[in-house]
Amino acid sequence: MCLSTVYKNRMAPETVAMKNVMKIDCRDGVVILTDLMDRTVAIEGQLESANLVEGYVIVKEAV
């Protein structure tokens, strides 16, 4: 199972949006993250990059 840490705009400790993300959905300009505990976080923006081997995803927030 590949779990990732999702960051907003750039990869830095202070920009972590959610850890242990197992699912990412993109709908109508919103990125919806779901973690192992089935908690969700919605971020208005778009998926910028994902490296599933390294376990990180960057979401660019809408302005």
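The values are calculated or read from the model by the stated rules, or taken from the named source; none is laboratory data. Everything quoted here is computed from the prediction, not taken from an experiment. Glycine gets a Cβ as well: all are built from the backbone with ideal geometry, and neighbour counts include every protein chain shown. Protein only, heavy atoms only, side chains kept; ligands, DNA and RNA dropped before computing areas. Shrake-Rupley method; radii C 1.70, N 1.55, O 1.52, S 1.80 Å.
Points worth noting:
- For the stretch 25-40, the candidate set comprises residues that are of a type in the set (A, V, I, L, M) and over 20 Å from ASN9 (Cβ atoms); within that set, the residue that is farthest from the chain's Cα centre (by Cα) is MET37.
- Hits in the stretch 21-63 (condition: hydrophobic (A, V, I, L, M, F, W, C), free of Cβ contacts under 8 Å to residues at least 24 places away in the same chain and open to solvent by less than 50 Å² (accessible area, probe 1.4 Å)): VAL30, ILE32
- Pair list, Cβ under 9 Å, 6 or more apart: the stretch 1-12 residue more than 10 Å from LYS60 (Cβ to Cβ) and in a loop (DSSP other than H, G, I, E, B), other residue open to solvent by 70 Å² or more (accessible area, probe 1.4 Å) and of a type in the set (D, E, K, R): LEU3/LYS19
- Filtered by the rule that a residue be within 17 Å of CYS2 (Cα to Cα), among the acidic types (Asp, Glu) and not in a strand (DSSP E or B), the stretch 13-63 gives ASP38, GLU54.
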